[in-house]
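Have a look at the structure below before the remarks.
The values are calculated or read from the model by the stated rules, or taken from the named source; none is laboratory data. Predicted model, so just to flag it, every value in this text is computed and none were measured. Virtual Cβ from ideal backbone geometry, glycine too; neighbours counted across all protein chains shown. In case anyone asks, the SASA skips ligands and DNA or RNA and just uses the protein heavy atoms, side chains included. Shrake-Rupley method; radii C 1.70, N 1.55, O 1.52, S 1.80 Å.
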Amino acid sequence: MSLNDDDIKQIFRFMDASDFEELNLKTGDLHLIVSKRKGGCATPQAPTGTEAQTPPGQRPAQAAGPPEIGEAPEVVKPVPTRAPEPAIEEGLTPITAPTLGVFYQSPKPESPPFVQEGDLVEENDTVCIIEVMKLFNHIKAGVKGRVAKICADNGAMVEHGQLLFLIEPESN
Amino acid sequence: MGNISKVLIANRGEIANRVIRACRELGIFTVLAVSEADRDSLPAQLADRAVCIGPAQSSASYLNIGVLITAALGTGADAIHPGYGFLAEQPQLATACQQNGIKFIGPSSQTLRDMGNKLMARQMVRDLGLPTIPGSQKVSDPQQATELSQEIGFPLLLKAAAGGGGRGIVVVNEAAELPGLLDATSAEVEAAFGDGTLFLERYIPNARHIEVQILGDQQGNVIHLGERDCSIQRRYQKVIEEAPSPAVSAQLREDICQAAVTITESIAYEGAGTVEFVLDQDRGEFYFLEMNTRIQVEHPVTEMISGVDLVQEQLRIASGEPLSLSQDQVRLTGHAVECRITAESAHNDFQPCPGRIEKWKRPPGEHVRVDTHCYSGYLVPPYYDSLLAKLITWGQDRDQAIERMQLALDEFQVSGVETTIPFLSQVIKQAAFREGKTNTRWLEKYLKAQKEQPE
């Protein structure tokens with residue numbers, strides 16, 4: 001068995017999301033150590049057990065206090081990505097943009113919109129189009145339910161991952 | 001400024017910060033295209049606006065031309081700055097920009113195409129009567145390759161026409177190896193670059209990598225800002241760069257820089273670029289290697305000795321303004337050295353070490369420059385290259401610049417991820433480096449010796 005780049009990335013993602021602190025994988029002549037502990041992935045060595053332990057699920061640096069004096073000045077400006085999104089009410093399912101592109105509610109400017117607030121949608125219904133350079137991506141609802149809110153403006157650019165619709169799921 | 005008031009930056013990391021700074025100084029608004037992994041990065045905070053263009057994988061974000069163009073149009077940007085790497089030298093991005101009325105900050109797509117093909121570039125330089133490394137046109141079959149190799153001599157290099165950044169280069173030590181390596185390399189190169197074309201080239205054992213910074217504007221003015229020496233390399237990747245070169249005499253400097261200007265003028269080059277040469281120290285001859293049609297990682301050493309802001313010049317040129325200075329006004333003062341600090345484990349075969357930086361304290365002091373996107377608490381993502389920072393020092397002479405680099409490296413405090421800082425500190429202590437008596441193979445030899453003789 002050998003690992004390719006994608007496998008390694010998968011392992012990183014898994015580790016990042018997991019509560020494990022270290023992964024030690026030996027296969028054939030490959031020895032991979034992935035560690036979230038202090039000191040990073042330094043030389044392979046047996047765990048000493050004397051290191052300060054970080055509570056599971058908490059990355060060490062996130063627990064760091066305020067910046068020390070003498071450090072590079074902190075940037076005070078908030079992250080200027082798109083406007084803050086409304087908190088998603090409990091029980092509503094978001095439909096987000098799978099790509100950056102231009103959001104269209106209808107197939108043609110003169111056509112009625114695919115969906116309006118209050119409409120019922122099936123999983124495979126198209127709810128909008130996102131255009132990336134003349135490539136028209138039909139976005140499916142992916143969930144059965146009622147359209148509670150349309151969160152993007154027709155004709156506006158939406159970012160990757162931006163909230164487009166909130167759906168109130170209907171159980172069968 | 002001019003006809004550019006908002007720039008979309010299609011890059012990440014330290015170069016994104018560098019471009020943002022240049023734009024801000026010129027009063028240009030910045031839009032930074034970020035992947036999901038870089039949403040909270042320092043450049044995302046510094047830019048006037050950040051737009052998320054896709055997932056962490058660069059193939060779906062930083063390399064996605066359609067999405068970048070849509071983001072530029074959607075945010076009203078009049079120009080795209082590609083930085084280095086990613087799409088910086090892809091003619092397709094320049095073409096797409098042109099088709100959508102966006103200014104690509106760099107040369108024309110035709111120039112990108114011509115210079116991107118190493119064989120075509122060399123032929124063009126030969127046609128100008130300038131020296132190129134003794135070598136072949138493309139090789140097609142083992143028979144022809146064997147004949148060509150006898151003219152060039154062994155050892156020689158087998159190189160990919162579409163290669164770059166040290167990829168697609170194989171050393172052939174003797175004639176018997178050639179047919180086998182030809183087959184294997186062609187297949188590898190085909191898979192990596194989509195073009196299996198190979199050529200042969202003389203292998204120069206005692207070589208220095210010398211490159212000349214040039215600027216060309218839309219009015220046809222071309223100037224050079226002297227040379228950089230990037231001979232300290234590992235696996236064809238630059239590790240330490242400096243300007244000026246300790247291996248270049250005044251006469252040689254004049255000849256190399258003039259050759260670079262001649263090449264640049266001949267293609268009506270627009271923007272900042274670098275003409276790379278190999279200096280054969282045994283023969284005292286230099287040969288054209290290739291032209292890089294973008295801002296280089298190591299551009300700060302030139303900025304430190306010339307006082308010229310190269311990224312601002314790129315923006316000025318793209319907006320149609322003439323160069324801010326003529327060749328007569330270029331004054332190169334003192335000496336500058338740059339070390340590339342990466343998240344890699346030097347004693348573990350330079351394995352990349354992504355992870356969260358716990359402590360990040362840059363060295364203080366005059367004449368010390370740090371180009372970086374890192375800070376205490378920053379998570380170095382595993383998706384991109386491992387460059388954390390470029391540490392640059394300036395001195396009135398080479399000794400002073402290196403001495404300041406030594407101090408600055410020793411003062412640089414980073415914990416949480418392993419970095420190459422201790423390794424770099426050892427390298428610049430070496431007598432051969434201090435005396436300027438190195439070549440492009442020196443660092444590999446030093447590493448090999450270290451491995452065989454652990455302290």
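Shielding by partners for peptide B:378-388, expressed as the average number of C-beta atoms from other protein chains within 10 Å of each residue's C-beta, is 2. A cut-off under 9 angstrom between Cβ atoms defines the neighbours of B:Val275, and their net charge, with Lys, Arg +1 and Asp, Glu -1, is -3.
Once neighbouring chains are kept in place and the probe is 1.4 Å, which whole percent of the accessible area of the protein assembly as shown is contributed by carbon and sulfur? Looking at the protein assembly as shown in its full context, I get 49 percent from C and S. The mean number of partner chain beta-carbon atoms within 10 angstrom of a residue's beta-carbon across peptide A:161-170 is 1.
Post the alpha-carbon centroid distance, the stretch A:106-169 to the stretch B:176-241, in whole angstrom. So the two Cα centres are separated by 49 Å. As an equivalent ellipsoid, the stretch B:183-338 spans semi-axes of 27, 20, 15 angstrom, where each value is the square root of five times an eigenvalue of the C-alpha gyration tensor, largest first.
Extension gain for the segment B:Asn173 to B:Leu73, taken as residue separation times 0.36 nm less the Cα-Cα distance, is 30.8 nm to one decimal.
Could you work out the percent of alpha carbon pairs in the protein assembly as shown separated by over 37 Å, rounded to a whole number?
42 percent
Dividing the convex hull volume of the alpha carbon atoms of the stretch A:93-169 by its residue count, what do you get in Å³ per residue? Intermediate values should be presented prior to the final figure.
Working: hull volume 5.6 nm³, N = 77.
Enclosed volume per residue, from the Cα hull, is 73 Å³.
B:Gln258 label point, 7 Å along Cα→Cβ, cut-off 15 Å on backbone N: hits in the stretch B:309-353? Under cut-off, by backbone N: nothing.
Once divided by 2.2 N^0.38 Å, the Cα radius of gyration of the stretch B:176-221 becomes 1.87.
For peptide A:96-102, compute the average count of partner chain beta-carbon atoms within 10 Å of each residue's beta-carbon. Walk me through the numbers on the way to the answer.
Details: counts 0, 1, 2, 9, 13, 6, 3.
Other-chain Cβ atoms within 10 Å of each residue's Cβ, averaged: 5.
For chain B, the Kirkwood estimate of the hydrodynamic radius, built from every pair of different alpha carbons, is 22.8 Å.
The Cα trace of the stretch B:134-202 gives Rg and Dmax of 10.7, 29 Å, the first to one decimal, the second as a whole number. Close amide H pairs (under 5 Å, H built 1.01 Å from N) link B:Arg234 with B:Val239, residues at least 5 positions away or on another chain. If you count only protein heavy atoms with a 1.4 Å probe, what accessible area per residue comes out for the protein assembly as shown, rounded to a whole Å²? Per-residue value: 45 Å². Taking every DSSP helix (H) stretch of at least 4 residues in chain B, weighting each as -39,500 (n - 2.57) and dividing the sum by the residue count yields a mean residue ellipticity at 222 nm of -10000 deg cm²/dmol. Computed over the stretch B:1-141, the range of Cα coordinates on each principal axis works out to 51, 35, 28 Å, biggest value leading. Excluding residues fewer than 8 places away in the same chain, name every one of the lysines whose C-alpha is closer than 29 Å to that of A:Lys140. Hits, sequence-local ones excluded: A:Lys9, A:Lys108, A:Lys149. Kirkwood analysis of the stretch B:207-452, using all unique Cα-Cα pairs, places the hydrodynamic radius at 18.7 Å. Taken over the stretch B:394-455, the ratio of Cα radius of gyration to 2.2 N^0.38 Å equals 1.24. With the whole protein complex present, A:Asp119 retains an accessible surface near 60 Å², based on a 1.4 Å probe. Placing a pseudo-label 7 Å from each Cα along the Cα-to-Cβ vector at A:Thr93 and A:Arg146 gives an inter-label distance of 1.6 nm. Of the GluC sites (Glu not before Pro) in the stretch B:339-443, the ones in a loop by DSSP (not H, G, I, E or B) with at most 15 other beta carbons within 10 Å are B:Glu366, B:Glu435. Each Cα pair of the stretch B:1-72 feeds into the Kirkwood radius, which the Stokes-Einstein equation turns, at 37 °C and 0.692 mPa s, into a diffusion coefficient of 273 µm²/s.
Of the beta bridges in chain B, as assigned by DSSP with both residues counted there, near 80 percent are antiparallel.
Ranked by solvent-accessible area (1.4 Å probe, protein heavy atoms only, all chains present), the residues B:Val170, B:Val189 order from largest to smallest as B:Val170, B:Val189. According to the Cα-based calculation, Rg over Rh for the stretch B:212-252 is 1.11, with Rh computed by the Kirkwood formula. Within a straight-line Cα-Cα reach of under 22 Å, B:Lys437 can be paired with the following lysines, leaving aside sequence neighbours fewer than 8 residues apart in one chain: B:Lys238, B:Lys429, B:Lys445, B:Lys448, B:Lys451.
Ranked by the mean number of other Cβ atoms within 10 Å of their residues, highest first, the peptides B:52-61, B:117-126 come out as B:52-61, B:117-126.
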